[in-house]
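Some notes on the structure that comes next.
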Amino acid sequence: MARNEKIQAGKIAAGLTRRQLLEMNACTRCGECQVWCPVYAQDSREAITARGKLSSLRRFIDGSLSEADRKDFIGALYECSACGQCHVVCPIRIGTHDLWEQARMSLVNAGIPQPEAQIQQLSAIKEFNNPFGKPQSERSRWADLAWKAGLLKARIPLWREQRTPVVYFAGCMASFDPALQPVAVQSARLLQEAGVAFSILGEDEPCCMSKLRRMGDGAFIGNARKRAEMFDRMEIDTIVVSCAGCFKGLHGDYSTIWPGSKKVLHFSQFQDQLIREGRLKLKRETPLLVTYHDPCHLGRHGQVYDQPRRVLQSVPGLRLVEMPRHRAFSSCCGMGGGLKAVSPEIQHKMAAARVREAEATGAEAIVTPCQTCLQGLLNGKKEASSAMKVFHLNEVLVRSICPEATHQVVEAALAAAV
């Protein structure tokens, strides 16, 4: 091995924990990861599998990987949504989802950058505080438009003007993407229907920066610490998020740097709590047969399985049927880990496979509580040329509680209010 390659390999190894270095040698090559991997189902190369990446990473560090295999490994490392399915099915529970993210960071520290599409997205996040490159002043524009369009029962206050114990954290996707802004509007409307005293942060709402962690950008730790310190200074009891990625970031990734003085709940957890307390009242029959898609960041990574299902089961007239792959074995839609930026065609195929699995249940709609998964599954619906309806969990609730706030109605009203 050349001297510079030894230095590079040393930096990669130094970026991994002792446990992760041991795990690279612990793989039994049983093949379970290959059977279950949703990416491998669309791109059947050994390098894509967890056992393939583990073997390549080990040989990368010890210097026995050829130049061609190095390129293949780097490509495979990023053609991965880090969904965690391989960890769940691994007989010895190798912590693959954390290992892939840490390996990406180690490669970057060793001078091997992320794919160009990810670099562009990471640059936008760090410069603009969102992946869309939009000005921070527009972050709560959805709330202003919703009030203007008559979609809300009252104007949503900014926390700096009205210090409420609950803050709704819309996240970048629902704040800036017009196709997903109805999720934020519906979330706010449902909180109002339940009589929750809440506010939003407006232009003070930061990106959770979890995408930096997913793609291996070392700037994540410093940025996350600044945000945690900001929240600690605020008189907030509960932060409610409607994005599974934001939940993974604020609840999961921040846990090592933030003692958790603020409660972070995914909106599906909060909905379940409000329904059981009798504050969110489901009024109208909603005769639907639905199936439920567990987001990876909420389910496998956050262990939130029961609350969203209880929410669905509380809707009058609604029936829930499960797909063969559900809960810890739910098949990823491909939107996580930066995969969509690197391989959009793979994401579309993964989501199409998930939509077809949903179709096979006989359900009329596939429901997910994550706005990013909503976007991913809509991509899959188009790819599969499917008539399957794709709903955010909010959509099912508003149909029973306030049908004047359905996604289609909200989207049209926001567009007209611009």
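Let's see if you can work this out: charge +1 on each Lys and Arg Cβ, -1 on each Asp and Glu Cβ, no other charges. What is the dipole magnitude of the stretch 44-94 about its Cα centre, in debye to the nearest 20?
Value, rounded to 20: 160 debye.
Treat every Asp and Glu Cβ in the chain as -1 and every Lys and Arg Cβ as +1, leave all other atoms uncharged, and give the resulting dipole magnitude about the Cα centre to the nearest 20 debye. Don't skip to the end; give the middle numbers.
Working: 54 positive and 42 negative charges, 105 e Å.
Roughly 500 debye, rounded to the nearest 20.
If R0 is 45 Å, what FRET efficiency do you get for ARG279 and GLU127 from their C-beta distance, rounded to 0.05?
Calculated transfer efficiency: 0.65.
Can you tell me the order of 75-82, 64-71 when each peptide is scored by its average per-residue count of other Cβ atoms within 10 angstrom, highest first?
Per-residue mean Cβ counts within 10 Å order the peptides as 75-82, 64-71.
Roughly to the nearest percent, how much of the accessible area of the chain is carbon and sulfur, given a 1.4 Å probe?
Values: 8220 of 16550 Å².
Its accessible area is 50 percent carbon and sulfur atoms.
Which listed residue (PRO369, ALA405, ASN379) has the Cα farthest towards the positive end of the charge dipole for the stretch 353-418, taking +1 on Lys and Arg C-beta and -1 on Asp and Glu C-beta about the Cα centre?
Of the listed residues, the answer is ASN379.
Through the Karplus equation 6.51 cos²θ - 1.76 cosθ + 1.60, θ set to phi - 60°, convert the phi angles of the stretch 234-249 into ³J(HN,Hα) values in whole Hz; use x for Gly and Pro.
Per residue, the Karplus-derived 3J(HN,Hα) values read 9, 7, 10, 8, 9, 10, 9, 10, 10, 10, 5, x, 5, 5, 4, x Hz.
Using the heavy atoms of the protein chains alone and a 1.4 angstrom probe, what is the accessible area of the chain per residue in square angstrom? Walk me through the numbers on the way to the answer.
Numbers: 16550 Å² over 418 residues.
Heavy-atom SASA per residue in the chain reads 40 Å².
Set the Förster distance to 22 Å, then compute FRET efficiency between ASN109 and ARG45 from the Cβ-Cβ distance, nearest 0.05.
E between ASN109 and ARG45, to the nearest 0.05, is 0.25.
So if I place +1 on the C-beta of Lys and Arg and -1 on the C-beta of Asp and Glu, and nothing else carries charge, what would the dipole magnitude of the stretch 332-414 be about its Cα centre? I want it in debye, nearest 20. Don't skip to the answer; put the middle values down first.
Values: 8 positive and 8 negative charges, 39 e Å.
Dipole magnitude for the stretch 332-414 comes out near 180 debye.
With runs of 4+ DSSP H residues as the only contributors, calculate the mean residue ellipticity of the chain at 222 nm using -39,500 (n - 2.57) per run, divided by the residue total and rounded to the nearest 500.
-14000 deg cm²/dmol
Compare GLN102, GLN120, GLN34 in a GNM of the chain, Cα atoms joined below 10 Å, and give the one with the largest fluctuation.
Greatest mean-square fluctuation among the candidates belongs to GLN120.
Give the long-range amide H neighbours of VAL264: residues separated by 5 or more places, or on another chain, with amide H under 5 Å away, using H modelled in the peptide plane at 1.01 Å from N.
Placed amide hydrogens put ILE239 under 5 Å from VAL264.
GNM on the chain, C-alpha springs below 10 Å: top fluctuator among CYS373, CYS333, CYS37?
CYS37
Name the residue from HIS97, GLN192, CYS246 whose Cα lies farthest towards the positive end of the charge dipole of the chain, charges +1 on Cβ of Lys and Arg and -1 on Cβ of Asp and Glu.
HIS97
Which lysines, on any chain, are close to LYS262 with Cα under 16 Å apart, when same-chain ones fewer than 8 places away are left out?
LYS226, LYS248
Across the stretch 328-341, in residue order, what do the Karplus-derived ³J(HN,Hα) couplings come to in whole Hz, using 6.51 cos²θ - 1.76 cosθ + 1.60 with θ = phi - 60° and x for Gly and Pro?
Running phi through 6.51 cos²θ - 1.76 cosθ + 1.60 with θ = phi - 60° gives 5, 9, 4, 7, 5, 7, x, 8, x, x, x, 4, 4, 5 Hz.
Cα to Cα, under 30 Å, and not fewer than 8 places away if on the same chain: which lysines meet these conditions relative to LYS148?
LYS134, LYS281, LYS283, LYS389
Under the Karplus relation 6.51 cos²θ - 1.76 cosθ + 1.60, θ = phi - 60°, what is the ordered set of whole-Hz ³J(HN,Hα) values for the stretch 39-49, x standing for Gly and Pro?
6, 4, 4, 10, 9, 7, 10, 4, 4, 6, 5
For the chain, modelled as a GNM with alpha-carbon contacts under 10 angstrom, which of VAL398, VAL311, VAL196 fluctuates the most?
VAL196
The values are calculated or read from the model by the stated rules, or taken from the named source; none is laboratory data. Not measured: the values here are computed from a predicted model. Note that we place each Cβ from the backbone using ideal geometry, even for glycine, and neighbour counts take in every protein chain shown. Only protein heavy atoms, including side chains, enter the accessible area calculation; ligands, DNA and RNA are left aside. Shrake-Rupley method; radii C 1.70, N 1.55, O 1.52, S 1.80 Å.
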